[in-house]
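**Student:** There's a structure below that I have some questions on.
The values are calculated or read from the model by the stated rules, or taken from the named source; none is laboratory data. Predicted model only: the values in this text are computed from it and were never measured. Cβ sites come from the backbone with ideal geometry, for glycine too, and all protein chains shown count toward neighbours.
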Amino acid sequence: MARRITVLGTGYLGATHAACMAELGFEVLGVDVDPGRIEALAAGRLPFYEPGLEPLLARGLRSGRLRFTTSFADAADFGDVHFCCVGTPQRAGSGGADLSQLFSCIDTLAPLLRRPSLIVGKSTVPAGTAAILAERLARLVSPGVTAELAWNPEFLREGHAVADTLRPERIVVGVRSAAAEAVLRDVYAGPLADGVPLVVTDFATAELVKVAANAFLATKISFINAMAEVCEVADADVTMLAQALSYDHRIGGAGMRPGLGFGGGCLPKDIRAFMTRAEELGAGESVSFLRQVDAINIRRRARMVTLAQDLAGGAVDGRQVGVLGLAFKPDSDDIRDSPAIDVATALHGLGARVVAYDPAGTANAQRGHPELEYATSLLGAAADADVLLVLTEWAEFRDADPEVIGKAVAQRAIADGRHALDPAAWRAAGWTYRALGRPAG
Ligand code: UDX
């Protein structure tokens, strides 16, 4: 009989994992402590924006293979394999990770287990966490119940979550027994048969693969953004520099797009948690370069504010700024640590009237930032603007017609924080076009 799977925590990661496991043919129970979220998912509504996920959710629900509950007791009764997908956000007042949701997940589930179970952690955690959780699990399960822990980091990107889950670039599992490895090989039999590489390793290595990957990705982005800073003072063009670098296969171009830098629920907090953990372990110096990676990234936001001020003639006080994009990246409604939100609120703080538009992120932004004004269309945000800013590279902004937008604004001045637009086309339509790391033109 096919193994039965529970997914504990139904955020971006968990909801995607649950729907994809049902798509792969498993019986799946998604579990969350938030009844509103569970109600929405059970009704086929995604509580966040993720292209391609809703049809999978609908298919899973229709087939009867995918169900949702708030009951950990039901989860314990149902599952053979329990995937832990809860959040590990940045701890308030420190760079370290807040592991409370993970601990509470194990503490609640473990005493309820009555059948042989494999608990599989997918959350991003500091090295050493899995060992602590394994010990806690062993202490909390009832006598006679076999329950084991494994670590299986998740690498999905928002906006590509379904493809990244069904056809990941690699599967990494940290295990302590051949039995645990066998269960995970079985769960991932589909992708493995398609040739997805599998790395079987220990807990600490599995944990570190995830943070090392995110540290590398963040470093690549900050590297090219540091070059953008140099380009600005040398009157060079970072987009051409990046293109020329990309032809060297040792460097490559993927994940090295210059611009406003990285945000979201992963890269910023993961590099900070990594630095904190490495310091605790006595290897702080080894990753101290990540402090620079973080600083370069944050400087991009300040530089964008300066560009907006330049375009407004020196100060934005009393001027109207149209902001295009609020999500931390396109095809997402996620505004966690979004560079766009930082820039928009900084300009508001400097006295600008900020009118923002995002195809998916507006509702989330409105909740956290009622001080900004929100438009329901690109043209609405552009109307009467003295300066227009592109802060997230949605296709809708890339495809915008500079002539049409030009008729809406008070002044044809645009700063492109994501190198999303064709400068020649916008300049030809009479716009003053500025971008990070490119000559003023
Ligand atoms: C990231 C990792 O890619 C993923 O493997 C991990 O599981 C979670 O963290 P995600 O946060 O969804 O995924 O987004 P990603 O596509 O990596 O982008 C992160 C940020 O970097 C975004 O703000 C994006 O705009 C920015 N970015 C990305 C750049 O500025 N330049 C790039 O070349 C790529």
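**Student:** Quick check on Glu154: is it among the acidic types (Asp, Glu) and within 13 Å of the ligand (Cβ to nearest atom)? Reasoning before the result, please.
**Tutor:** Working: among the acidic types (Asp, Glu): yes; within 13 Å of the ligand (Cβ to nearest atom): yes.
The answer is yes for Glu154.
**Student:** Please work out if Arg45 is touching a residue at least 60 places away in the same chain (Cβ under 8 Å), of a type in the set (D, E, K, R), over 16 Å from Thr165 (Cα atoms) and surrounded by fewer than 21 Cβ atoms within 10 Å (Cβ to Cβ). First the steps, then the outcome.
**Tutor:** Details: touching a residue at least 60 places away in the same chain (Cβ under 8 Å): no; of a type in the set (D, E, K, R): yes; over 16 Å from Thr165 (Cα atoms): yes; surrounded by fewer than 21 Cβ atoms within 10 Å (Cβ to Cβ): yes.
Criteria not met by Arg45.
**Student:** Taking interchain pairs and intrachain pairs at least six residues apart, which have beta carbon atoms under 6 angstrom, with the first residue in the stretch 257-278 and over 11 Å from Phe328 (Cα atoms) and the second within 11 Å of the ligand (Cβ to nearest atom) and in a loop (DSSP other than H, G, I, E, B)?
**Tutor:** Filtered contacts from the stretch 257-278: Gly259/Gly417; Gly259/Arg418; Gly259/His419; Pro268/Asp337; Asp270/Thr124.
**Student:** Among the residues of the stretch 332-391, which ones are among the β-branched types (Val, Ile, Thr) and away from the ligand (no atom under 16 Å from the Cβ)?
**Tutor:** Here is the first cut: in the stretch 332-391, the ones among the β-branched types (Val, Ile, Thr) are 335, 341, 343, 345, 354-355, 362, 376, 387, 390.
Matches in the stretch 332-391: Thr345, Val354, Val355, Thr362, Thr376, Val387.
**Student:** Can I ask one more? Looking at the stretch 257-279, which of its residues are assigned to a loop (DSSP other than H, G, I, E, B) and either more than 9 Å from the ligand (Cβ to nearest atom) or basic (Lys, Arg) (or both)? Break it down stepwise before answering.
**Tutor:** The first filter runs over the stretch 257-279 and keeps only residues assigned to a loop (DSSP other than H, G, I, E, B), leaving 257-266.
If the condition is that a residue be assigned to a loop (DSSP other than H, G, I, E, B) and either more than 9 Å from the ligand (Cβ to nearest atom) or basic (Lys, Arg) (or both), then Arg257 is the only one that fits.
**Student:** Another question about this same structure. Cβ-Cβ distance below 6 Å, separation of 6 or more or different chains: which pairs start in the stretch 207-222 with a residue that is in contact (Cβ under 8 Å) with a residue 40 or more places away in the chain and under 12 Å from Phe289 (Cα atoms) and end on one that is near the ligand (Cβ under 10 Å from one of its atoms) and of a type in the set (S, T, N, Q)?
**Tutor:** Between residues of the stretch 207-222 that are in contact (Cβ under 8 Å) with a residue 40 or more places away in the chain and under 12 Å from Phe289 (Cα atoms) and residues that are near the ligand (Cβ under 10 Å from one of its atoms) and of a type in the set (S, T, N, Q), the close pairs are Ser222/Asn297.
**Student:** Val187 passes all but one of (1) within 22 Å of the chain's Cα centre (by Cα); (2) among the β-branched types (Val, Ile, Thr); (3) more than 23 Å from Arg336 (Cα to Cα); which number fails?
**Tutor:** All conditions are met except number (1).
**Student:** When only residues in the stretch 235-256 that are among the aliphatic types (A, V, I, L, M) and under 19 Å from Asn297 (Cα atoms) count, which is nearest to the ligand (Cβ to nearest atom)? I'd like the intermediate steps shown before the answer.
**Tutor:** Within the stretch 235-256, the subset among the aliphatic types (A, V, I, L, M) is 236, 238, 240-242, 244-245, 251, 254, 256.
This time we only want the ones that are under 19 Å from Asn297 (Cα atoms), so: 238, 241-242, 254, 256.
Details: Val238: 12, Leu241: 14, Ala242: 9, Ala254: 7, Met256: 5 Å.
Among them, the one singled out is Met256.
**Student:** Could you please let me know if Gly60 is surrounded by 16 or more Cβ atoms within 10 Å (Cβ to Cβ), within 23 Å of the chain's Cα centre (by Cα) and either within 24 Å of Ile119 (Cβ to Cβ) or aromatic (Phe, Trp, Tyr) (or both)? First the steps, then the outcome.
**Tutor:** On the way: surrounded by 16 or more Cβ atoms within 10 Å (Cβ to Cβ): yes; within 23 Å of the chain's Cα centre (by Cα): no; either within 24 Å of Ile119 (Cβ to Cβ) or aromatic (Phe, Trp, Tyr) (or both): yes.
No, not satisfied.
**Student:** Still on this structure, please answer the following. Looking at Glu158, Glu232, can you tell me which residue is in contact with a Ser or Thr (Cβ under 8 Å, 6 or more places away or on another chain), more than 20 Å from Gly252 (Cα to Cα), touching a residue at least 60 places away in the same chain (Cβ under 8 Å) and acidic (Asp, Glu)? Give the steps one after another, and end with the answer.
**Tutor:** Working: Glu232 fails: in contact with a Ser or Thr (Cβ under 8 Å, 6 or more places away or on another chain).
Only one candidate qualifies: Glu158.
**Student:** Could you figure out which of (1) within 16 Å of the ligand (Cβ to nearest atom); (2) at pLDDT 95 or above isn't true of Gly159?
**Tutor:** (2) is the only condition that Gly159 fails.
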